[in-house]
Amino acid sequence: MQWFQAIEVIAPTVFRISTPDGSGTGWLVSRSANSNLCVVATAAHVIESAHYWEKPIRVTHHQTGASVLLRVDARAVMIDPDKDSAAIIFQIGEFQLPQENPQLFWRDHNLKQGNEIGWLGFPAVQSRDLCFFEGHISAYLEAENAYLVDGVAINGVSGGPAFWKHEENIQMIGLVSAYIPNRSTGIALPGVALIRDVNQFHNYADRLRSLDEAQAQQSPHTEASPAGDDETNTRLRNQ
């Protein structure tokens, strides 16, 4: 399978995520077999401020251009700030989404060093177009449930799907979280991308029977962590 063929498979699952504070990328993790709910994954820092302040979140389906403004009563949000990962749960409504859920990488497994992966997102330099990136896995960080990848990650790509070509199948291995530049010389030089794995997303939609149930279990409205640069990495929301 070529990369262009993999992109054709993944692109119908991708969303642009917009809030009053910025934008990022999201992707369909699963749709429920028991209800009209779907789960869209993104990076926590893309939506945590909107969740805390109960601001609207707009999700726009890349393939069809369909868009919906999700206010607090129309969504549930699950956030894991330690893993910089989040899930937005909402009614599928008029969205034309794939009938089959994306294939997630095996639970509690990780890809070995040297494997080539790709990722998609809406970079700030061309924020209306879905762009493709690729690189090789440099290391897996057990403590952080994350990969270091030798590749480019740009503001606006946060939350985007990272995937691996396995024979004739595509497996989702994670979401884009941050870029870690090399600052050892005092200036920011090329570094590595940080990709969070997908362990927490397995069978997500089928755990929930209704939006009310999802809202009852959603994350508390705790204050968002500061966005932007810190001493180690650069979060990639498009501000």
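The values are calculated or read from the model by the stated rules, or taken from the named source; none is laboratory data. As the structure is a computational prediction, the values presented were derived from the model and not from experiment. Glycine also receives a Cβ, built like all others from the backbone with ideal geometry; neighbour counts cover every protein chain displayed. With ligands, DNA and RNA removed, areas are computed over all heavy atoms of the protein, side chains included. Shrake-Rupley method; radii C 1.70, N 1.55, O 1.52, S 1.80 Å.
Miscellaneous remarks
- Remark: the Thr222-Ile180 segment gains 12.5 nm on full extension, using 0.36 nm per residue and subtracting the alpha carbon distance.
- Net charge dipole, the range 19-135: roughly 200 debye, given to the nearest 20, about the Cα centre with Cβ charges of +1 for Lys and Arg and -1 for Asp and Glu.
- The chain, accessible surface, carbon-and-sulfur percent (1.4 angstrom probe): 46 percent
- Candidates Gln2, Gln99, Gln113 compared by Cα position along the dipole of the chain: farthest toward the positive end lies Gln99, with charges placed on Cβ.
- Each Lys and Arg adds +1 at its Cβ and each Asp and Glu adds -1 at its Cβ; summed about the Cα centre, the range 27-83 shows a dipole of about 200 debye.
- For the range 145-185 and the range 1-33, distance of Cα centres in Å: 14 Å
- In the complete set of protein chains, residue-level accessible area for Ser67 is approximately 60 Å², probe 1.4 angstrom.
- Within straight-line reach of Lys112, meaning a Cα separation under 18 Å, sit the following lysines at least 8 residues removed in sequence or on another chain: Lys165.
- Note that the range 133-223, at 10 °C in a medium of 1.306 mPa s, gets a Stokes-Einstein diffusion coefficient of 103 µm²/s from its Kirkwood radius over C-alpha pairs.
- The Ala11 and Asn34 beta-carbon pair, evaluated with R₀ = 35 Å, returns a calculated FRET efficiency of approximately 0.85.
- Per residue, the accessible area of the range 1-83 comes to 38 Å², computed with a 1.4 Å probe over protein heavy atoms only.
- Note that the range 1-108, at 4 °C in a medium of 1.567 mPa s, gets a Stokes-Einstein diffusion coefficient of 90 µm²/s from its Kirkwood radius over C-alpha pairs.
- Point-charge dipole on Cβ atoms (K/R +1, D/E -1) for the chain, about Cα centre, debye to 20: 420 debye
- Candidate residues Arg75, Arg128, Arg207: accessible-area rank, largest first, probe 1.4 Å: Arg128, Arg207, Arg75
- Once both labels are positioned 7 Å from their Cα atoms along Cα-to-Cβ, the gap between Asp212 and His109 label points is 4.0 nm.
- Probe 1.4 Å, all protein chains present, accessible-area order of Trp53, Trp119, largest first: Trp53, Trp119
- Site pair His166 and Glu116 shows an inter-label distance of 1.9 nm when each label is modelled 7 Å from Cα along Cα→Cβ.
- Ordered from highest to lowest accessible area with the whole protein assembly present and a 1.4 Å probe, Thr64, Thr42 read as Thr64, Thr42.
- Evaluated at q = 0.11, 0.22 Å⁻¹: base-10 log I(q)/I(0), Debye formula over Cα of the range 41-167: -0.45, -1.55
- Overall dimensions of the range 70-119, expressed as equivalent-ellipsoid semi-axes from the Cα gyration tensor (√(5λ), whole Å, largest first), are 28, 18, 9.
- For Ser32, solvent-accessible area (1.4 Å; no DNA, RNA or ligand), Å²: 10 Å²
- For the range 110-167, the equivalent ellipsoid derived from the alpha-carbon gyration tensor has semi-axes of 22, 13, 9 Å in decreasing order.
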